[in-house]
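Participant: I'd like to ask some things about the structure below.
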Amino acid sequence: MALMKLRTDRKYSFFTDIRKNPFSYMLIFPAMLYTFFYGYMTLPYMLIAFQKFNYTKGIFRSEWVGLKNFEFFFHSTSAAMVTWNTLKLNFLSIVFGTLVALLMSILLNELRARTFKRVSQSTLLFPHFLSWIIVSYIVYSLFSTEYGFINQIFKWMGFNPHNWYSESKPWTWILVSLSVWKETGMSAVIYLAAIATIDESLYEAAKIDGANRWQQIKNITLPLLMPTVSILTLLAIGKIFYSDFGMIYAIVGDNGLLYPTTDVIDTYTFRTLRTSGNPAIAMAIGLYQSIVGFVLVLVANWLVKKSNKDSVIF
């Protein structure tokens, strides 16, 4: 019997799985196509990062220039500033986004009124589906110098209105707050799903031992959520050199007065491509972002693996 079972297992192949689960593969087929064409089929275009790209000659016949395209970025006066801004904004967004999402998911899980819980969850999730263009108008209505809601409050309190769009310092926290506000709902849903998988018998045993709700959260919910937190954080670290271009460009745009704290690698690359028309320089900067992000994921994964092997990606 054991031999027959082994032979049966050997015959079970990838195509057998497709025949048994056709609708599941149909569901992921569009995503597989998107990944194939926009992920793997674009890999040869990385070559132009090392070329003086010529549109008529193509990627295989253009002149090779070595690392000159990389030198353009690293020798520029803005390289250190945009790199620091990218890391700073993403790091703050990861830290505060994770903390707020954890807090919201635990609070939602503690709610007992189902209707209120569903309304609250939907309200938290709604900003995720808003376009950054719409959000930019909301931000402008808040921070506009003449008619902004915040400056109207300042006037009512007897203070002078503040020209928010000419001072760069507050925009670090404005952008981080917007990022957290927009993405907290989606992260909270993921954490709620993880909480739903926790065995209820653990909470029942804790109640018998006299643990209150805070002690149950501290000793059961939070420790069992850590693998999910670690995986999501590792994925976020992989994109720490990529900022949300849509957010920053929609809200800040080409306002040079705000560049000292808001200009990131993505916006700098876009401006470079738009003004120079040279895709090779933009590709070089993008390749630099990808390599550093990949290395950071490997390092972070290795560090997490040292403490908890169940919380790593690979």
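The values are calculated or read from the model by the stated rules, or taken from the named source; none is laboratory data. Quantities reported herein were computed from a predicted structural model and do not represent experimental measurements. Note: ideal-geometry Cβ built from the backbone for every residue, glycine included; neighbour counts use all protein chains shown. Accessible surface areas use protein heavy atoms only, side chains included; no ligands, DNA or RNA. Shrake-Rupley method; radii C 1.70, N 1.55, O 1.52, S 1.80 Å.
Participant: Look through Tyr147, Tyr137 and report the one residue that is touching a Ser or Thr at 6+ places or on another chain (Cβ under 9 Å) and of a type in the set (Ser, Thr, Tyr). Walk me through how you get there before you give the answer.
Facilitator: Working: Tyr137 fails: touching a Ser or Thr at 6+ places or on another chain (Cβ under 9 Å).
Testing whether each residue is touching a Ser or Thr at 6+ places or on another chain (Cβ under 9 Å) and of a type in the set (Ser, Thr, Tyr) leaves just Tyr147.
Participant: Oh, and also: Can you run down the residue pairs with Cβ atoms below 9 Å, 6 or more apart or on separate chains, where the first is in segment 28-55 and of a type in the set (Lys, Arg) and the partner is open to solvent by 60 Å² or more (accessible area, probe 1.4 Å)?
Facilitator: Close Cβ pairs satisfying both conditions: Lys52/Glu63; Lys52/Trp64; Lys52/Lys68.
Participant: When you scan segment 41-60, do you find a residue that is closer than 24 Å to Ser290 by Cα, basic (Lys, Arg) and not in a helix (DSSP H, G or I), even just one?
Facilitator: yes
Participant: Determine, yes or no, whether Ala236 is among the small types (Gly, Ala, Ser) and under 27 Å from Lys309 (Cβ atoms).
Facilitator: Numbers: among the small types (Gly, Ala, Ser): yes; under 27 Å from Lys309 (Cβ atoms): yes.
So Ala236 fits the description; yes.
Participant: Quick check: anything in segment 199-206 open to solvent by less than 30 Å² (accessible area, probe 1.4 Å), out of contact with any Phe, Trp or Tyr (no Cβ under 9 Å at 6 or more places or on another chain), over 29 Å from Asp254 (Cβ atoms) and not in a loop (DSSP other than H, G, I, E, B)?
Facilitator: Initially, segment 199-206 is screened for residues open to solvent by less than 30 Å² (accessible area, probe 1.4 Å), giving 203, 206.
Next, only the ones that are out of contact with any Phe, Trp or Tyr (no Cβ under 9 Å at 6 or more places or on another chain) stay: 203, 206.
So of that shortlist, the ones also over 29 Å from Asp254 (Cβ atoms) come out as 203, 206.
Applying the additional criterion that residues be not in a loop (DSSP other than H, G, I, E, B) yields 203, 206.
Yes.
Participant: Is at least one residue of segment 49-68 within 24 Å of the chain's Cα centre (by Cα) and open to solvent by less than 60 Å² (accessible area, probe 1.4 Å)? Show your work before the answer.
Facilitator: Looking only at segment 49-68, we keep the residues that are within 24 Å of the chain's Cα centre (by Cα), and these are none.
No; the residues of segment 49-68 include none that is within 24 Å of the chain's Cα centre (by Cα) and open to solvent by less than 60 Å² (accessible area, probe 1.4 Å).
Participant: Which condition number does Ser230 fail, the rest of (1) farther than 30 Å from Tyr249 by Cβ; (2) more than 15 Å from the chain's Cα centre (by Cα); (3) among the small types (Gly, Ala, Ser) being met?
Facilitator: Result: Ser230 passes all but (2).
Participant: Further, regarding this structure: Go through segment 10-35 and count every residue that is open to solvent by less than 100 Å² (accessible area, probe 1.4 Å) and either not in a helix (DSSP H, G or I) or not hydroxyl-bearing (Ser, Thr, Tyr) (or both). Lay out the reasoning, then the answer.
Facilitator: Of segment 10-35, the ones open to solvent by less than 100 Å² (accessible area, probe 1.4 Å) are 13, 16-18, 21-22, 24-25, 28, 30-33, 35.
Imposing the further condition that a residue be either not in a helix (DSSP H, G or I) or not hydroxyl-bearing (Ser, Thr, Tyr) (or both) reduces the set to 13, 17-18, 21-22, 28, 30-33.
Qualifying residue count for the region: 10.
Participant: Scan segment 61-83 for residues that are of a type outside the set (Ser, Thr, Tyr), within 18 Å of Thr267 (Cα to Cα) and assigned to a loop (DSSP other than H, G, I, E, B) and report the count.
Facilitator: 1
Participant: Restricting attention to segment 233-273, and to residues there that are among the polar types (S, T, N, Q) and either closer than 14 Å to Thr86 by Cα or at pLDDT 90 or above (or both), which single residue is surrounded by the most Cβ atoms within 10 Å (Cβ to Cβ)?
Facilitator: Filtering segment 233-273 for residues among the polar types (S, T, N, Q) gives 233, 243, 255, 261-262, 267, 269, 272.
Narrowing further to those that are either closer than 14 Å to Thr86 by Cα or at pLDDT 90 or above (or both): 243, 261-262, 267, 269.
Details: Ser243: 26, Thr261: 21, Thr262: 24, Thr267: 21, Thr269: 21.
Residue satisfying both the conditions and the ranking: Ser243.
Participant: Just to be sure, is Gly185 open to solvent by less than 70 Å² (accessible area, probe 1.4 Å) and in contact with a Gly (Cβ under 6 Å, 6 or more places away or on another chain)? Reasoning before the result, please.
Facilitator: Details: open to solvent by less than 70 Å² (accessible area, probe 1.4 Å): yes; in contact with a Gly (Cβ under 6 Å, 6 or more places away or on another chain): no.
For Gly185, the condition - open to solvent by less than 70 Å² (accessible area, probe 1.4 Å) and in contact with a Gly (Cβ under 6 Å, 6 or more places away or on another chain) - is not met.
Participant: Since Asn278 meets every condition but one in (1) of a type outside the set (Phe, Trp, Tyr); (2) at pLDDT below 85; (3) farther than 30 Å from Thr228 by Cα; (4) open to solvent by less than 40 Å² (accessible area, probe 1.4 Å), which condition does it not meet?
Facilitator: Result: Asn278 passes all but (4).
Participant: Can you name every residue in segment 236-278 that is among the charged types (D, E, K, R) and in contact with a helix residue (DSSP H, G or I) (Cβ under 9 Å, 6 or more places away or on another chain)? Show your work before the answer.
Facilitator: Initially, segment 236-278 is screened for residues among the charged types (D, E, K, R), giving 239, 244, 254, 263, 266, 271, 274.
Scanning segment 236-278 gives Lys239, Asp244, Asp254, Asp263, Asp266.
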